[in-house]
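Read the structure below first, then the notes.
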Amino acid sequence: MNAATMNRYRGPDAYTFSDSLALTSFGKFNYFLICISGMVLATVLLETAGMGFILPIAQCDLQLSNQDKGVLSAIGFLGIISSSHLWGFLADTKGRRRVIRPTLLAGFAVTVLSSFAPNFWVMVLLRFINGFFLAGSATIYAYLGEFHSDKTRSRAIMGSSVIFAIGAMILPIIAFLVINQDWVLPLTFLGIDYKPWRLFLIVCGIPGLLCGLSLFALPESPKFLLAVGDENKAIEVLQKMHRWNSGKEPLVITHILPDDDTTITTLQFNNKFESNSNFALLFLQTMWNQTAPLFQRKYLRITMIVCNMQFWLYVVTNGLYMWFPHIINSVAAFINEHPGEHKQICQIVYEQQESIYKMDGTIECIDKLENTTYYYSLVMEILYASSFAFIGFIINRVGKILILFITSIFFTSCGLTSIFIADPSIAAYLYVLFFLVGVAINVLSAATVDLYPTHLRAMAVCISLMVGRLGSVVGANVAGALMTHHCEWNFYIVCGAMYICAVLALLLPRKSPDEAGKSES
């Protein structure tokens, strides 16, 4: 039954879902949810990007070549890719919270185990499993968005992005405080020396544990509950939001009338499985039915543009970023050793490679990163947080598509310019600005939530981020292969693709196809 048919039968204390949300007001519940959502997003960053700080330090303990570093940089994202489709499907059929909570807790457990990995291959396996569970957190965009109306949704998502950016800002501080310690704990029964970089892995996973526990206090998405026909529970959730936000008179809602993008499609998922012996076939068929609409004519252009943009954005912000500490550390070491000398970034990287990997096959161990490396990382994260806060204020006035275009063009140009500047200090700052193109990921995800209806929203976000994580895998490994002799080509390829993505952003519609069709009729 569609929304128009349902809304003919409006009774006393019956409201549309949007009106019901407005009645709950905006208060403590929303702020708490935004903070938790931002921490969930930060968890993914800490668990994946934290490896970038570990690799230069762990290269002797795990006997890592450049190719091995590329594999370890990418393996978490490969785990995310392998399960993104599954979690998106389960989130759209079983519930958003029922996916996010257990995957966060399981991810932390695997992180603890990975800190004791005795060698490269065990670390690869455990980081893959960690990524497998991390993928469930992509549902947080849909979960957060469905507690907010059209007027507040974009700001809520950008608000969580500010929390995410603060978490990212803490990353280099945590790395500095933990990794640069001198203690060693011999664990002879495991055949390893437990060093600060191993503890750093656990510290990066703690926000995930806290978020997983916090989600016991939060309810399921009311819009999801309404979409699967559980109106009573949806009303209970709205009343809980109202109690948190005002705590005054009880909210009386007898019936929720669906909005135009909400189709009442009770998903009898469990019943189907109980009555059908071919579990695997039905599971795959149901997953296909949930995925296929995204690639049909109605949504095909949107899906292709969003996935392409996420791919290249993740190539930069996750793939190339895994090499950010390595490159910045090389530049910082050059500045300290050769004050006043001018040389391009890639030339510095080539020289550093020769000093680390000796002709006789031995590896020079690095026990600590240069303090300047943490400084540049902190500068980047502060700029990230500032950018998210600024975008949060202007996003409704300027529009998501224009923001996507401007950020993609400007920050990509900074990255391309950085490899031609001979002054290493200026080049380092431009290189830092290059990674701020990552603010477009959250803006694009906010746009994705708006462009799809409720029953496809989580799957759309998960698939687009799955393609993005594929970009992370490609970016990290290609960067590792090119870093030794063809560093410049990392920038030529990626910057060219990002300029194309900026143009593609202008082709995204301002409204979802469903809303556009209704306005035309």
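The values are calculated or read from the model by the stated rules, or taken from the named source; none is laboratory data. Since this is a predicted model, take the numbers as computed values, not measurements. Methodologically, a virtual Cβ is constructed for each residue, glycine included, from the backbone with ideal geometry; neighbour enumeration extends over all protein chains shown. Note: accessible area is taken over every heavy atom of the protein model, side chains too, but ligands, DNA and RNA are not part of it. Shrake-Rupley method; radii C 1.70, N 1.55, O 1.52, S 1.80 Å.
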PHE133 touching a residue at least 12 places away in the same chain (Cβ under 8 Å), open to solvent by 40 Å² or more (accessible area, probe 1.4 Å), part of a helix (DSSP H, G or I) and closer than 20 Å to PRO56 by Cα: no
Near pairs, Cβ below 7 angstrom, 6+ apart or cross-chain, from segment 95-119 (part of a helix (DSSP H, G or I)) to any residue that is aromatic (Phe, Trp, Tyr) and open to solvent by 10 Å² or more (accessible area, probe 1.4 Å): VAL99/TRP87; THR103/TRP87; THR103/PHE133; ALA106/PHE133; GLY107/PHE133; VAL110/PHE133
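What are the residues in segment 367-382 that are aliphatic (A, V, I, L, M) and modelled with pLDDT under 85, if any?
We begin by selecting, within segment 367-382, every residue aliphatic (A, V, I, L, M); these are 369, 378-380, 382.
Residue satisfying the conditions is LEU369 alone.
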Filtered residue count, segment 476-487, keeping only those that are open to solvent by 40 Å² or more (accessible area, probe 1.4 Å), at pLDDT 85 or above and more than 23 Å from the chain's Cα centre (by Cα): 1
Long-range neighbours under 6 Å by Cβ, at least six apart or interchain, first residue more than 22 Å from LYS400 (Cα to Cα) and of a type in the set (Gly, Ala, Ser) within segment 156-180, second open to solvent by 20 Å² or more (accessible area, probe 1.4 Å) and in a helix (DSSP H, G or I): ALA168/LEU45; ALA168/TYR384
Of all residues in segment 323-366 being of a type in the set (Asp, Glu), touching a helix residue (DSSP H, G or I) at 6+ places or on another chain (Cβ under 8 Å) and at pLDDT 75 or above, the one that is surrounded by the fewest Cβ atoms within 10 Å (Cβ to Cβ): GLU341
Check on VAL473, touching a Leu at 6+ places or on another chain (Cβ under 6 Å) and either open to solvent by 10 Å² or more (accessible area, probe 1.4 Å) or in contact (Cβ under 8 Å) with a residue 40 or more places away in the chain (or both): yes
Qualifying position, being open to solvent by 10 Å² or more (accessible area, probe 1.4 Å) and small (Gly, Ala, Ser), among GLY415, GLY392: GLY392
Any hit, segment 182-204, residues being part of a loop (DSSP other than H, G, I, E, B), modelled with pLDDT of 90 or more, open to solvent by 10 Å² or more (accessible area, probe 1.4 Å) and within 27 Å of ASP150 (Cβ to Cβ): no
Residue within segment 493-507 that is modelled with pLDDT under 85, more than 18 Å from ALA135 (Cβ to Cβ) and either out of contact with any strand residue (DSSP E or B) (no Cβ under 9 Å at 6 or more places or on another chain) or open to solvent by 10 Å² or more (accessible area, probe 1.4 Å) (or both) present: no
Residues (open to solvent by 20 Å² or more (accessible area, probe 1.4 Å) and either of a type in the set (Ser, Thr, Tyr) or part of a helix (DSSP H, G or I) (or both)) located in segment 58-74: SER65, GLN67, ASP68, VAL71
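Hey, does segment 324-344 have a residue that's among the small types (Gly, Ala, Ser) and touching a residue at least 40 places away in the same chain (Cβ under 8 Å)? Reasoning before the result, please.
The first filter runs over segment 324-344 and keeps only residues among the small types (Gly, Ala, Ser), leaving 330, 332-333, 340.
Pick out the ones that are also touching a residue at least 40 places away in the same chain (Cβ under 8 Å) and you get 332.
Within segment 324-344, one or more residues are among the small types (Gly, Ala, Ser) and touching a residue at least 40 places away in the same chain (Cβ under 8 Å).
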From the options PHE89, PHE32, PHE77, residue that is among the aromatic types (Phe, Trp, Tyr), under 15 Å from TYR314 (Cα atoms) and touching a residue at least 40 places away in the same chain (Cβ under 8 Å): PHE77
